[in-house]
Amino acid sequence: MDGKTRAHIKPGMLVNIVLKKDQRTGVLTEGIVKDLLTSSAFHHRGIKVRLQDGQIGRVQEILEEE
């Protein structure tokens, strides 16, 4: 599932995000969601989240359903 809809993403989920510095290359970073930073229900580039390790990026895919 993609990460464009806020309702699909919950803290504790395993996701792939693209960091700001990796937006041109599309390199994905895997991690566990700590906080959702996008307040709107949908975002065309992906919902912005903070991972448990502190990295911030937009969700590209959800790896694990909760």
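The values are calculated or read from the model by the stated rules, or taken from the named source; none is laboratory data. All values derive from a computational prediction rather than experimental measurement. Note: ideal-geometry Cβ built from the backbone for every residue, glycine included; neighbour counts use all protein chains shown. Heavy atoms of the whole protein, side chains included, go into the accessibility calculation; ligands, DNA and RNA do not. Shrake-Rupley method; radii C 1.70, N 1.55, O 1.52, S 1.80 Å.
Can you name every residue in segment 54-64 that is within 14 Å of N16 (Cβ to Cβ) and part of a loop (DSSP other than H, G, I, E, B)?
Q55, L63, E64
Looking at G12, is it under 9 Å from the mean Cα position of the chain (by Cα) and in a loop (DSSP other than H, G, I, E, B)?
The answer is no for G12.
Identify the residue in segment 52-63 that is among the charged types (D, E, K, R) and open to solvent by less than 80 Å² (accessible area, probe 1.4 Å) and, among all such residues, is nearest to G3 (Cα to Cα).
The selected residue is E61.
Would you be able to tell me the number of residues in segment 16-51 that are buried (at least 16 other Cβ atoms within 10 Å of the Cβ), among the polar types (S, T, N, Q) and either free of Cβ contacts under 8 Å to residues at least 24 places away in the same chain or not in a strand (DSSP E or B) (or both)?
1
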